[in-house]
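Nothing in this text is a laboratory measurement; each read-out follows from the coordinates by a stated rule. All of these numbers come straight from a predicted model, not from anything done at the bench. Every residue, glycine among them, receives a Cβ derived from its backbone with ideal geometry; neighbour counts consider all protein chains shown.
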Amino acid sequence: MSQPELDNLVRIGQLKAEPRNAQEVTRMLAMARTRLSDAKLSNLSLEGRFTSAYNAAHAAALAALRWHGYRSENRYTVFQCLTHTLGWPANRWRVLDAAHQKRNLAEYEGYLDIEESTVAEMCALVQSLIADVQDLIAK
């Protein structure tokens, strides 16, 4: 399903157009659900729960992008495209973009400062994201 905004991102090299693969989308959505379940495990460290919630968000957002026939090699682009893939307003996808920035600090600088409320907010948002992607593919 071609969209002008996403096609523009293809033209500037931020996305690649690629035929939809329903099996891949289904696998990504299943992975998102598994990671979300992991994020809710109270016996995991806060950092582990955050990482699981972040990975769940990325898998679900990528599933939405792939459903529309696009792929990105940049994680932040996947979140920013939620406006076009699911109709998410900026205030929703920016929470995921902020999580991406925190994830990068942890991965590249070894610094992660998060609170329980951050993980709870991420889990709630990811649950909504997974539901929206499921609705998208059910149509």
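Computed quantities for the displayed model
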| quantity | calculated |
| --- | --- |
| Pairwise label distance in nanometres, Ala30 with Lys16, each label 7 Å out on the Cα-Cβ vector | 2.4 nm |
| Whole-number percent relative contact order across the chain, with pairs defined as alpha carbons under 8 Å at least 6 apart | 30 percent |
| Mean projected area (nm²) of the alpha-carbon convex hull when the chain is viewed from all directions | 8.1 nm² |
| Neighbour-count order for Met122, Met28, fewest beta carbons within 10 angstrom listed first | Met28, Met122 |
| Pairwise FRET efficiency - Thr77 versus Ser42, Cβ, R0 = 30 Å, nearest 0.05 | 0.35 |
| Helix 22-39 vs. the chain, principal-axis angle (Cα, 0 to 90°, nearest 10) | 10 degrees |
| Signed unit charges on C-beta, dipole axis of the chain, positive-most listed residue Asn91, Gln127, Ala138 | Ala138 |
| Tensor-based shape of segment 73-125 (alpha-carbon gyration tensor, a/c under 1.5 rounded, otherwise prolate or oblate) | oblate |
